[in-house]
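Let me begin by presenting the structure, written as structure tokens, before commenting on it.
Since every read-out is calculated from the coordinates, none of them should be taken as a lab result. The model shown is predicted, which means the values in this text are computed figures rather than measured ones. Note that we place each Cβ from the backbone using ideal geometry, even for glycine, and neighbour counts take in every protein chain shown.
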Amino acid sequence: MRKCIKLRVIKPCNDITWDELGKVFRDLCYVSFRAANYVMRENYIYTITNSMEKKYFYPQLTEMFPVVGRHILSATEKAVNANWKRNKKDVLNNRISLPTFKQGFPVHLHNESYNLIKEDDNYVIDAQLRSKEFAPTRYSFCVAANDNSTRTILNRILTGEYIQGEAQLTKDRKNKWYFIIPYQFEPTYYDIDKRNIMGVDLGIAKAAYWAFNTSNKRGYIEGSEIEEFRRRVRKRRIEIQNQGKYCGEGRIGHGKDRRLLPIETLKEKEANFRDTCNHRYARHIVDEALKAKCGIIQMEDLTGINNLSKFLKNWPYFDLQTKIINKASEYGIEVRKVKPNYTSQRCSNCGYIDHTNRLDQATFICKECGYGDMHHCFSCGAKQKESGVCQKCGEDTKHLIINADYNAARNLSIGNIEEIISKTLDSSASNRSAKAK
């Protein structure tokens, strides 16, 4: 299991001034961004001229940037090569332009090039930042560990329970420096059953709706929290834009960028809210899966959904799904992505597929069996279209309307749902063809 922790650099150590340490950090960032662009460009040139061989650019990098630690150049080349490998096909087929990197490109440090040290109540990073030919080569700086969770992780890295990985040094928009440490550990496996599947559907009225294949339990997260926050952000953004016409002297100068500077702060708050929300949602969903002893969580593969759903386009659903995957893997829960085609149109009760089954965003009524607008008996579990007493056991029934997102979540909780939908569609096509003849 791999995770990472982001630590703010709070002060230099060993009589080093902030001016000196800051200059070293800035120089490293500048070199990293230049080296990254050089490697990406050379990868492209070498691929189109010599595609059958692999080229290493480390020797050229050491000649171009002799001051920087060799491990930084090696780690930078490794990171850029991985980026090139992911985008190579799209670049060569002219689907995207060649990726480039800005000066905010992080500095990559090999896991053996830095040490985490605890001095009294402080946590110190001692890292080799410059090559051996240019002293001093190592620099030390304190990092913030203000909460118990952070201190626990750092202590486990110190004891060897967690294995530290390739770190990154980066700077945010407020010129604050951060040291990011990845770490690995063995996940804790809980009492779960791979036969128990949880289906999770992302929607509009309900940000997430889940159901299970082994019970009628369900749950959801309201989407109103997201919508309300976005409404306030849109309103505040318009207010800031209008205030730019008559703003005070503190926002005058350097053109419109200075006048609209508060919008950048607003964007950061919005990004933080989204990240926090997705963390909370992912944690709650995984906790519900653990309560039901689910060994598998199935979600929709929402690749390309931006063209269909404005709501999902404006919300980082991929980040939410990634957080669910990361948190589920801590407990040994497998996460699968299935094609969303027809999962919202298929009746989870009888399997009938028709786009008219979903009357609107929230209502589902099957045109074949009536599921979604039926009377349920909670004594024996029977369902019937007629109101009154249960035809099976004679107890009273209750009329229930099924939420469309719940129906979709039930479909997603079926293990081989893609194959079932495919067979249903093939059978329907064959029947229509036979009738036409």
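Report the antiparallel proportion of the DSSP beta bridges in the chain as a percent, rounded to a multiple of 5. Provide the component values of the computation, followed by the final result.
On the way: 52 of 62 bridges.
Once the DSSP bridges in the chain are tallied, antiparallel ones form about 85 percent.
Using a Förster distance of 35 Å, how high is the FRET efficiency between ARG138 and TYR46, based on the Cβ-Cβ distance and rounded to 0.05? Result of the calculation: an efficiency of 0.55. Across q = 0.06, 0.10 Å⁻¹, the chain modelled as identical point scatterers on its alpha-carbon atoms has Debye log10 I(q)/I(0) values of -0.39, -0.96, in the order of the q list. Mean separation of Cα pairs under 8 Å and 6 or more residues apart, divided by the residue count, gives the stretch 2-184 a relative contact order of 33 percent.
For the stretch 53-142, state which GluC sites (Glu not before Pro) are in a DSSP loop and have at most 11 other beta carbons lying within 10 Å of their beta carbon. Please list the in-between numbers first.
Values: sites: GLU53, GLU63, GLU77, GLU112, GLU119, GLU133; in loops: GLU53, GLU112, GLU133.
Those that pass, being in a loop and sparsely packed, are GLU53, GLU112, GLU133.
Charge tally for ASN341 (other residues, Cβ to Cβ under 12 Å; Lys, Arg +1; Asp, Glu -1): -1.
Helices meeting the span-like rule in the chain (full DSSP H runs, Cα extent of at least 24 Å along the helix axis, mean Kyte-Doolittle score of -0.5 or higher): 18-49, 417-436. Charge tally around GLN321: other residues with Cβ under 10 Å, Lys/Arg +1 each, Asp/Glu -1 each, net -1.
For the stretch 2-184, what class follows from the C-alpha gyration tensor (a ≥ b ≥ c being the square roots of its eigenvalues): rounded when a/c is under 1.5, otherwise prolate if a/b is larger than b/c, else oblate? Could you put the intermediate results ahead of the total?
Details: a/c = 2.18, a/b = 1.71, b/c = 1.27.
Note, shape of the stretch 2-184 comes out prolate.
Contour minus end-to-end for THR152 and PHE229, with contour as 0.36 nm per residue of separation and end-to-end as the Cα-Cα distance?
On the way: separation 77, 0.36 × 77 = 27.72 nm, distance 3.29 nm.
Gain on stretching THR152 to PHE229: 24.4 nm.
Relative contact order of the chain: what whole-number percent is it, with Cα pairs under 8 angstrom and at least 6 residues apart? Each step should come with its number before you reach the end.
Working: 651 pairs, mean separation 60.5, N = 437.
With pairs under 8 Å counted, the relative contact order is 14 percent.
What is the sum of charges, Lys and Arg at +1 and Asp and Glu at -1, for the other residues whose Cβ falls under 10 Å from the Cβ of THR214? The partial results should precede the final answer.
Values: positive: ARG195, LYS217, LYS293; negative: ASP193.
In short, +2.
Estimated from the Cβ-Cβ distance and a Förster radius of 45 angstrom, the FRET efficiency linking ASN93 and GLN391 is about 0.15. Each peptide in 388-400, 168-180 receives the mean, over its residues, of other Cβ atoms within 10 Å, and ordering these scores from highest gives 168-180, 388-400. Once the C-beta distance of LYS118 and THR276 is scaled by a Förster radius of 22 Å, the resulting FRET efficiency is 0.15 to the nearest 0.05. Counted residue by residue at 0.36 nm each, then reduced by the alpha carbon distance between them, the extension gain from ALA382 to ARG283 reaches 32.2 nm.
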